[in-house]
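Here is the structure we will look at, set down as structure tokens.
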Amino acid sequence: MQIRSVCVLCGSNEGADTVYRDSAVRLGRLIVDNGMRLVYGGGSVGLMGAVATGVMDAGGEVVGVIPEFLIRAEVGNPNVSELIVTESMHDRKRRMFEMSDAFVVLPGGLGTLDETFEIITWKQLRLHLSPIIVIDVAGYWAPLSVLLDSTVRAGFADPSVLDLLQVVASPEDAVSLLAVTGRTERTCVSDQL
Ligand code: AMP
């Protein structure tokens, strides 16, 4: 089955190089070109705002999910197709998870790391089998691969964890991979999260 709804995890900052923002806008446009909608954290700032802009400028559908206490800090995006306001960070992550068939990770900071590891570890627990694609823009995520290799080499993770995610070089590669991967059925109910 085709992937219809993709969740993008990324920074609330733009990063120190314009290559990050360019990739986020491009990913947004490609999501629309490939008939998918965007689910994301609902903010207007940083790469989050850039990917939403890419989708909206191409005439696509955007669902933002933001906790009430962050609406001011992350500038809740009034232009999205739908803005869902949650009571907590946990509700935000749960709603984003429930609405998405796949997860794509762009560069980001600690919040992005938290969300990315949560979605990876939920897959390790087989709570879902959805694709997780990390876009290694300008080598940003190389240390993540090193860290994951290290967990396996030191005996803290099974080698199969390396198959929980796929690392690609560009938004184009991410979208091509989504096209061939397809959608998997959810394996858990939300209250197991
Ligand atoms: P950052 O990568 O730190 O710029 O954050 C990216 C997104 O992750 C922002 O929307 C943050 O609100 C969100 N975030 C930050 N901390 C957490 C957390 N502990 N759990 C879930 N999301 C978070």
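Quick notes on this structure:
- Across region 51-101, the number of residues qualifying as free of Cβ contacts under 8 Å to residues at least 12 places away in the same chain and of a type in the set (D, E, K, R) comes to 1.
- Any chance MET48 is surrounded by 15 or more Cβ atoms within 10 Å (Cβ to Cβ), in contact (Cβ under 8 Å) with a residue 12 or more places away in the chain and away from the ligand (no atom under 14 Å from the Cβ): no
- Cross-chain or 6+ apart pairs with Cβ under 9 Å, region 166-186 first and at positive phi, then surrounded by fewer than 15 Cβ atoms within 10 Å (Cβ to Cβ): GLY182/MET1; GLY182/GLN2
- Filtered by the rule that a residue be open to solvent by less than 70 Å² (accessible area, probe 1.4 Å) and within 13 Å of the ligand (Cβ to nearest atom), region 123-143 gives a lone residue, TRP141.
- Test: residue in region 93-108 that is loosely packed, with under 15 Cβ neighbours inside 10 Å and over 18 Å from SER130 (Cβ atoms): no
- When residues in region 63-96 are screened for being in a strand (DSSP E or B), within 12 Å of the ligand (Cβ to nearest atom) and of a type in the set (A, V, I, L, M), 2 of them pass.
- Of all the numbered requirements in (1) modelled with pLDDT under 95; (2) open to solvent by less than 40 Å² (accessible area, probe 1.4 Å); (3) away from the ligand (no atom under 16 Å from the Cβ), LEU30 misses one, and that requirement is (1).
- Some residue of region 110-127 being part of a loop (DSSP other than H, G, I, E, B) and within 19 Å of ASP173 (Cβ to Cβ): no
- When GLY155, GLY182 are checked against the criterion of being open to solvent by less than 70 Å² (accessible area, probe 1.4 Å), of a type outside the set (Asp, Glu) and more than 18 Å from SER100 (Cβ to Cβ), GLY155 stands alone in meeting it.
- Only residues that are part of a loop (DSSP other than H, G, I, E, B) and either within 23 Å of TYR20 (Cα to Cα) or in contact (Cβ under 8 Å) with a residue 24 or more places away in the chain (or both) were counted across region 128-156, and they come to 7.
The values are calculated or read from the model by the stated rules, or taken from the named source; none is laboratory data. Computed from a predicted structure; not experimentally measured. With ideal geometry, Cβ positions are generated from the backbone for all residues, glycine too; neighbour counts draw on all protein chains shown. All accessible areas refer to the heavy atoms of the entire protein, side chains included, with ligands and DNA or RNA removed. Shrake-Rupley method; radii C 1.70, N 1.55, O 1.52, S 1.80 Å.
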